[in-house]
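What follows is a set of notes on a single structure, which appears directly below.
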Amino acid sequence: MSRPRGDHRARREAIADTAAQLIATRGLDQVTLRSVAAALGVTTGVLTHYFPSKDALLRHTKNRAFDRSFARASAAAVGPPGMERVHAVVAAVLPLDAERRQLWRLLVAFYGSAVGSPARRRGQERRMNRWYALYREAVAPLRETGEIPGDADVARIGTALALFVEGLAIHVVMTSPTASAEWQESFAREQVRRLVTG
């Protein structure tokens with residue numbers, strides 16, 4: 001891990017990158033400003049110039065991880081409507097590569113921290129609502145293409161997809177770290193089609 005360099009924003013991102021790596025490998029409880037500073041080869045005083053507290057650093061790191069995952073999925077939610085668009089959104093979120101595996105390990109670490117924090121739980125609810133909406137928007141055009149009935153409950157289907165993807169991703173990073181990208185995509189395609197078309 002290298003010292004943060006560049007302008008203020010770039011240095012904040014370098015610090016958050018290091019914090020994300022440490023959280024994903026050591027767990028949330030083992031990460032402190034001191035451990036992040038040590039990994040970067042700087043003092044904690046340098047870090048507090050960019051993040052006044054551990055909570056501020058963790059909040060930024062968590063929000064950035066969510067934003068990156070959501071942006072990747074949103075970018076996949078373009079193109080012609082149909083099941084391939086739905087599959088593309090799902091594949092964009094799954095931990096198919098090292099970067100996304102680390103992201104999911106990071107998110108899992110934060111899930112646990114929300115148990116005793118109403119504020120963090122509310123934040124998690126807000127993020128899940130954004131996922132529900134994204135999947136709902138990917139599914140809704142299937143009524144026009146005839147791939148699902150016109151009266152299909154797209155809100156319910158969108159919720160089911162979001163919960164399935166989250167569950168599969170957590171399973172892979174926590175209990176099946178050797179699950180290949182090919183297996184994940186194949187399994188997801190089977191299950192997503194069942195969830196969407198019945």
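The values are calculated or read from the model by the stated rules, or taken from the named source; none is laboratory data. Everything quoted here is computed from the prediction, not taken from an experiment. Note that each Cβ is placed from the backbone with ideal geometry, even for glycine, and that neighbours are counted across all protein chains shown. What goes into the accessible areas is simple: the full protein's heavy atoms, side chains included, and nothing from ligands, DNA or RNA. Shrake-Rupley method; radii C 1.70, N 1.55, O 1.52, S 1.80 Å.
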Checklist outcome for this item: In the set ALA114, ALA138, the lone residue that is modelled with pLDDT of 90 or more and open to solvent by less than 20 Å² (accessible area, probe 1.4 Å) is ALA138
Checklist outcome for this item: Filtering the range 188-198 down to residues that are open to solvent by 30 Å² or more (accessible area, probe 1.4 Å) and assigned to a helix (DSSP H, G or I) yields ARG189, GLU190, GLN191, ARG193, ARG194, LEU195, THR197
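Does the range 98-118 hold any residues that are small (Gly, Ala, Ser) and free of Cβ contacts under 8 Å to residues at least 24 places away in the same chain, and which are they?
From the range 98-118, those small (Gly, Ala, Ser) are 98, 109, 112-114, 116-117; that's our starting set.
Listed by number, the residues that qualify are ALA98, ALA114, GLY116, SER117.
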Checklist entry - When you go through SER69, SER35 one by one, which is the residue that is more than 28 Å from TRP131 (Cβ to Cβ) and assigned to a helix (DSSP H, G or I)? => result SER35
Checklist entry - Among (1) open to solvent by less than 60 Å² (accessible area, probe 1.4 Å); (2) of a type in the set (Ser, Thr, Tyr); (3) under 26 Å from VAL173 (Cα atoms), where does THR25 come up short? => result (1)
Checklist outcome for this item: For the range 23-42, pairs from a residue that is closer than 10 Å to ARG105 by Cβ to a residue that is surrounded by 17 or more Cβ atoms within 10 Å (Cβ to Cβ), with Cβ under 6 Å and 6 or more apart or across chains, are ILE23/VAL31; ILE23/LEU106; ILE23/ALA109; ALA24/GLN102; ALA24/ARG105; ALA24/LEU106; GLY27/ALA109
Checklist entry - Any residue at all in the range 45-59 that is under 30 Å from PHE187 (Cβ atoms), free of Cβ contacts under 8 Å to residues at least 24 places away in the same chain and either touching a His at 6+ places or on another chain (Cβ under 8 Å) or outside any loop (DSSP other than H, G, I, E, B) (or both)? => result no
Checklist entry - With respect to the numbered conditions (1) open to solvent by 70 Å² or more (accessible area, probe 1.4 Å); (2) outside any loop (DSSP other than H, G, I, E, B), which one is the sole condition not fulfilled by ARG100? => result (1)
Checklist entry - Out of all the residues in the range 49-70, which are open to solvent by less than 60 Å² (accessible area, probe 1.4 Å) and over 19 Å from SER113 (Cα atoms)? => result TYR50, PHE51, SER69, PHE70
Next on the checklist: With the structure loaded, tell me whether GLY79 is over 28 Å from ALA16 (Cα atoms), outside any helix (DSSP H, G or I) and open to solvent by less than 70 Å² (accessible area, probe 1.4 Å) or whether it fails that test.
Outcome noted: yes
Item to check | Residues (in contact with a Ser or Thr (Cβ under 7 Å, 6 or more places away or on another chain) and either open to solvent by 60 Å² or more (accessible area, probe 1.4 Å) or at pLDDT 90 or above (or both)) located in the range 28-48 | outcome: LEU33, ARG34, VAL36, ALA37, ALA39, LEU40
Checklist entry - Of all residues in the range 150-187, how many are touching a helix residue (DSSP H, G or I) at 6+ places or on another chain (Cβ under 7 Å) and either farther than 14 Å from VAL90 by Cβ or open to solvent by less than 60 Å² (accessible area, probe 1.4 Å) (or both)? => result 20
Item to check | Meets criteria (charged (D, E, K, R), farther than 29 Å from ASP55 by Cβ and assigned to a helix (DSSP H, G or I)) for GLU166 | outcome: no
